[in-house]
Each structure stands twice: as C-alpha cells, then as structure tokens.
Amino acid sequence: MTKLIKLENVAIGYDNQTFVDSINLSIESNQFWGVLGPNGSGKTTLLKTVLSLIPPLKGQALIQNELVFGYVPQNEKFDPIFPISVYELVLMGRYSRVKPASRLSRVDKEVVEKSIEYAGISHLRDRTFRSLSGGEKQRSLLARSIAGEPDLLVLDEPTASVDMKGELEIMQLVKEIQSQRKLAVIMVSHFINTISEYSDHIILIDKDSNFFEAGEKNKILDKEDLGKFFGLNLNLN
Amino acid sequence: MEILSEFINSYFLWRDPMIVAAFTGAICGFLGVYVVLRRIIFVSATLTQISSFGVALSFYLEGIGLAVFSSLIGPFALSLILTMIAAGFYALKRDFSRISREGVIAFGFLAASGGVIILGDRIASGVHDIATILFGSAVVVDPIDVYLIPGIAVLVFIIHLLFYKDFIFVSFDTESARLFKYPVRRLNTLLLITVALVVAVATRAMGALPVFALLALPPLASLYITENLKLVFLLSVIFGILSAVLGYFFSFVLSMPTGASIAVTASAFFIIALIWREIKQ
C-alpha cells in the first residue's frame with residue numbers, strides 16, 4: 001500500500017488557536033477512514049488540514065507528490081444563487097487535472113460523462129444543482145469528486161441531509177468507488193453505525209478534551225472507550 | 001413618427017454617445033453577472049462612486065491651479081487609479097475583524113459620495129459638471145471614448161473568454177479551487193480589476209448612476225428568465241445593450257436626463273423579467 005499522507009506531531013486549529021495537538025496519522029491507499037467526534041470537535045478542521053486548505057499550527061503534514069484529492073464538502077456550503085447545472089458541477093471535479101486558462105479536452109469530457117453515469121445521475125445532468133434533493137446533491141458531488149480520478153477521497157458528512165434509504169444508497173456508492181478504484185477515503189460522519197459498518201480505520205477527535213486517537217477499527221471501536229468518548233451507552237452490533 | 005424621423009436626422013449628434021452606451025451596456029451586463037452571483041452589487045456601487053470621486057478630484061486639481069498635475073494625471077487616469085486601489089482592497093481584504101464586510105463597503109460608498117459633492121461645490125464649472133459625472137450626459141462624449149470604451153470592452157471580453165472556467169470556479173467553490181492549486185487570490189483580483197477598469201472608463205464617460213444600473217439590473221433580469229448560466233451571460237449582455245441604447249434614445253427624444261433614463265429602462269427590463277417569471281410559475 002502506498003503512503004499518501006503523514007501527519008507528524010501536528011496541531012490543528014485556526015488563528016493560532018489550537019484545537020487538538022500531537023496528532024500522528026498515516027493514511028495509505030485503499031484504506032477507509034471514518035472520523036467521529038461530537039459537534040464542533042474539530043473534525044472539519046482536521047479534514048481541511050489533511051487537504052492542505054489550512055496549514056498545521058505545529059508539526060509536519062507530509063503529502064505524497066502530485067496527490068489528487070476528491071472532495072465532497074457539506075452541500076449547504078454552495079450558494080444557491082448560482083444556476084450551475086449538474087453537468088457543469090461535475091466538470092469542476094475535472095479541474096484538478098486541468099490548469100487555469102486551459103480548456104477541457106475531449107477525454108476530460110468523456111471522463112465527466114462516465115462519472116455522471118457511474119453515480120447514477122444521468123437523468124439529472126441538465127438540472128440545476130440548487131434544485132436537487134439532499135440525496136441527489138450528494139450523488140452529484142460524488143460524481144464530481146470521482147471525475148478528477150482522485151487518489152484520496154475526502155467526504156464531509158456526506159449523509160447529513162438525506163433520509164435512511166438515501167444514506168444507504170450513498171454509502172454503497174462510496175464503498176463501491178473505494179473498492180473498485182483502490183483509493184483511500186476519509187469520511188466525517190455523525191453516525192457511529194455508518195462509520196463502523198463501512199470504514200476499516202477510525203479517528204476519534206474532541207477539541208474540548210484535546211483528545212485524538214486513530215487506528216484500525218477493531219482496536220478503536222472498544223465499546224467501553226467509545227461509550228465514554230460520547231458519554232453514551234452504545235450498542236454497535 | 002415625427003419624433004423618430006427627427007431622431008434619425010440627428011444621427012451625427014447621437015452616433016458617438018450611442019456607440020459608447022451600447023458597448024458600456026454590453027460589457028457592464030456581462031460583468032454584472034459576476035457582480036450579482038458573488039453578491040458584491042454594493043462593491044460595484046462603491047466603485048462607481050470612487051471612480052466619480054477620481055473624476056471630480058481631477059477637475060478640482062485643475063481648478064486650483066494644478067493644471068500640470070492634472071494634465072499628467074487626467075480624469076480618466078486618476079479615476080482608474082483610485083478605482084483599481086479600491087478594487088484591489090476589496091478583492092484582497094475579505095475579513096474585517098469585529099465589523100462586517102458590508103460596513104466597509106458602505107464606508108467606501110459614503111466617503112466617495114460625500115467627497116464628490118464637496119469637490120463638486122468647489123470646481124470651477126460647478127454643479128452642472130458634477131451632475132454629469134454622477135448621472136450622465138445625453139449630449140456629448142469625449143471623442144476618445146468612442147475608441148477607448150469599445151477597445152476596453154473587447155479586451156475585457158477576451159480576458160473573460162480565456163479565464164471563463166476559472167472565474168466561475170473560484171466564484172462558485174473557492175475551497176475546491178484552492179484544493180486544486182488554482183491561484184484563487186490572483187484570479188479574484190483579476191476579476192475585480194476588470195470590473196474596476198470598466199467602471200472607471202464607463203463612469204467618466206456616462207456617469208455613476210447608469211453604470212451601476214447596467215451592472216446590477218440586466219443580470220438580475222436574466223437570472224429571473226433562465227437557469228442556464230451561459231444564457232444568463234448572453235441575455236444580460238443583450239439587456240445591457242438594450243437598456244443603454246433605448247435609455248439613451250428616450251433621453252434624447254423626451255429630453256430626459258440620460259443616466260436616469262438608462263437606469264429606468266434597465267429597471268423596466270427587470271420588471272418584465274419578474275412578471276415573466278411569475279407567469280411561468
């Protein structure tokens with residue numbers, strides 16, 4: 001397995017305010033990482049540090065040369081004033097491989113069409129992104145993320161605004177993408193069951209108690225420790 | 001009919017201002033789509049006022065005997081420099097601790113508006129000139145504008161054609177653009193500089209009010225009519241041209257202030273689009 005990202009003794013936070021420090025993490029290809037933590041625990045800040053969108057306050061973030069990210073942000077972050085079609089949205093995913101002021105080639109457009117088809121949203125191709133349901137938006141964002149043929153897929157609460165059926169469909173699609181393309185996935189979710197079902201590695205993070213733990217699922221998902229972490233009596237069967 | 005034939009016979013009077021108005025309408029309509037989508041309508045209003053201030057300041061410097069300075073930095077250059085500085089400031093400085101961005105935009109608008117009126121009171125040719133700067137003139141345009149404005153409009157169109165995908169990308173999803181190593185800050189600055197350039201030349205030629213109206217209203221009308229982004233740009237250019245040309249026409253034949261006439265014509269397109277949308281729904 002190829003090492004994609006290594007965080008060495010990293011502190012994460014904003015404006016010199018440390019959320020969590022002493023983070024050590026190594027992400028390799030074909031791994032599925034789930035990130036768990038309460039609201040405001042620093043999950044998204046961790047993702048943004050991994051994505052190099054914000055620099056670590058301390059330590060080193062080593063990223064493999066020319067690593068291509070696929071990113072599925074929370075869908076409500078997009079301003080609905082933009083009449084962007086699903087096709088135009090998915091095209092943007094391909095920009096990771098197209099330089100500024102350059103045009104997309106015929107091959108790029110073929111990859112985009114295939115990504116739309118793969119995500120099962122061909123019927124939504126010409127609809128505006130803003131007019132879609134929560135589940136349709138997530139599928140479109142997944143199509144966008146795979147259009148860039150990424151090495152690492154980063155998902156920020158991809159099932160937050162969908163119902164149970166939609167959640168299942170989206171997670172199956174994510175798992176299919178990961179296993180077929182052998183790429184690494186990091187996914188933030190509030191749903192412990194979702195994380196425990198689909199991921200093989202887990203990160204627990206909590207800003208308030210400066211807590212960070214990462215490792216293989218079986219080692220992390222100790223019911224007692226996890227219960228203490230969330231302050232709940234958990235049943236993860 | 002009589003009015004129309006009189007208008008046609010006065011061709012030599014309105015030809016140049018009409019060319020300037022049409023190109024201003026087209027390029028403002030186009031850039032206005034970004035202005036509206038990025039929710040910076042009031043940045044564009046502020047830029048038009050700052051541009052007006054630059055023109056007024058140039059007249060003032062000439063009036064107080066600094067003609068040498070004024071000939072080196074004429075109304076266009078001074079207006080352009082101030083508008084560019086303001087555009088650069090608004091593009092690069094996005095976070096203002098404790099106060100909102102709108103507050104700083106309002107500060108720019110109010111300071112420049114007040115400055116224009118104070119300087120207007122002191123420049124030799126007085127109130128009439130300042131009214132022209134703010135609201136536009138129906139009578140004449142500087143002969144150089146007949147070449148300058150179409151030239152700048154074409155240059156800006158070419159820049160936007162080249163960077164279309166990038167400008168849309170950084171406007172819609174800044175975070176992914178950063179992730180894909182796009183030069184977000186430089187693209188945002190270039191985008192706002194093209195707006196500032198057009199605002200500076202167009203405000204000096206036509207006045208602040210019509211330029212602001214042409215930046216805001218044609219794209220708003222287009223966004224009501226279609227959900228296709230490329231069509232929004234096209235319709236906005238068409239509405240911009242029609243608003244400017246028809247506004248000028250009404251101003252000429254009905255002896256109305258030009259800037260106000262263009263603003264009202266652009267508003268009419270907005271109302272028609274609103275009604276269209278309501279009927280369609």
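The values are calculated or read from the model by the stated rules, or taken from the named source; none is laboratory data. Everything quoted here is computed from the prediction, not taken from an experiment. When we count neighbours, we look across all protein chains shown, and the Cβ atoms used for this are built from the backbone with ideal geometry, even at glycine. Surface areas here come from the heavy atoms of the whole protein model, side chains and all, with no ligands, DNA or RNA. Shrake-Rupley method; radii C 1.70, N 1.55, O 1.52, S 1.80 Å.
Values computed for the structure shown
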{"item": "For A:Q64: the one exception among (1) touching a residue at least 40 places away in the same chain (Cβ under 8 Å); (2) open to solvent by less than 60 Å² (accessible area, probe 1.4 Å); (3) more than 9 Å from chain B (Cβ to nearest Cβ); (4) touching a Leu at 6+ places or on another chain (Cβ under 7 Å)", "result": "(2)"}
{"item": "Residue in region B:192-200 that is among the polar types (S, T, N, Q), modelled with pLDDT of 90 or more and surrounded by 21 or more Cβ atoms within 10 Å (Cβ to Cβ) present", "result": "yes"}
{"item": "Residues of region B:144-177 satisfying the condition of being farther than 24 Å from A:D79 by Cβ, modelled with pLDDT under 95 and open to solvent by 30 Å² or more (accessible area, probe 1.4 Å)", "result": "B:I144, B:Y147, B:L148"}
{"item": "Test set (1) within 14 Å of another protein chain (Cβ to nearest Cβ); (2) not in a helix (DSSP H, G or I) - B:V232 fails condition number", "result": "(2)"}
{"item": "Residue within region B:21-32 that is exposed (fewer than 14 other Cβ atoms within 10 Å of the Cβ), out of contact with any strand residue (DSSP E or B) (no Cβ under 8 Å at 6 or more places or on another chain) and closer than 21 Å to B:I152 by Cα present", "result": "no"}
{"item": "Wholly enclosed helices (runs of 4 or more DSSP H) of region B:25-108 bearing at least 2 residues modelled with pLDDT of 90 or more", "result": "B:41-63, B:75-92"}
{"item": "Count of region B:33-52 residues which are more than 14 Å from chain A (Cβ to nearest Cβ) and surrounded by 20 or more Cβ atoms within 10 Å (Cβ to Cβ)", "result": "10"}
{"item": "Scope region A:69-113; condition open to solvent by 20 Å² or more (accessible area, probe 1.4 Å), more than 8 Å from chain B (Cβ to nearest Cβ) and not in a helix (DSSP H, G or I); matching residues", "result": "A:Q74, A:P80, A:K99, A:S102, A:S105"}
{"item": "Test: residue in region B:235-249 that is in a helix (DSSP H, G or I), within 14 Å of another protein chain (Cβ to nearest Cβ) and either in contact with a Phe, Trp or Tyr (Cβ under 6 Å, 6 or more places away or on another chain) or open to solvent by less than 70 Å² (accessible area, probe 1.4 Å) (or both)", "result": "yes"}
{"item": "Test result for A:V50, under 16 Å from A:L155 (Cα atoms) and in contact with a Pro (Cβ under 9 Å, 6 or more places away or on another chain)", "result": "no"}
{"item": "Number of positions in region B:82-121 that are open to solvent by 40 Å² or more (accessible area, probe 1.4 Å) and among the hydroxyl-bearing types (S, T, Y)", "result": "2"}
{"item": "Filtered residue count, region A:22-45, keeping only those that are open to solvent by 50 Å² or more (accessible area, probe 1.4 Å) and either touching a helix residue (DSSP H, G or I) at 6+ places or on another chain (Cβ under 7 Å) or of a type outside the set (S, T, Y) (or both)", "result": "4"}
{"item": "Residues within region A:46-58 that are crowded, with 17+ Cβ neighbours inside 10 Å and either at pLDDT 95 or above or of a type outside the set (A, V, I, L, M, F, W, C) (or both), tallied", "result": "3"}
{"item": "Residues of region B:216-229 classified as in contact (Cβ under 8 Å) with a residue 40 or more places away in the chain and within 14 Å of another protein chain (Cβ to nearest Cβ), total", "result": "9"}
{"item": "Condition check for A:I54: without any contact (Cβ under 8 Å) to a residue 60 or more places away in the chain, farther than 21 Å from A:R181 by Cβ and either within 8 Å of chain B (Cβ to nearest Cβ) or among the small types (G, A, S) (or both)", "result": "no"}
{"item": "Residues located in region A:125-138, provided they are buried (at least 24 other Cβ atoms within 10 Å of the Cβ) and free of Cβ contacts under 8 Å to residues at least 60 places away in the same chain", "result": "A:F129"}
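Here's the yes/no breakdown for (1) among the acidic types (D, E); (2) modelled with pLDDT of 90 or more; (3) out of contact with any strand residue (DSSP E or B) (no Cβ under 6 Å at 6 or more places or on another chain):
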site: A:K3; (1), (2), (3): no, no, no
site: A:N9; (1), (2), (3): no, yes, no
site: A:G34; (1), (2), (3): no, yes, no
site: A:N39; (1), (2), (3): no, no, yes
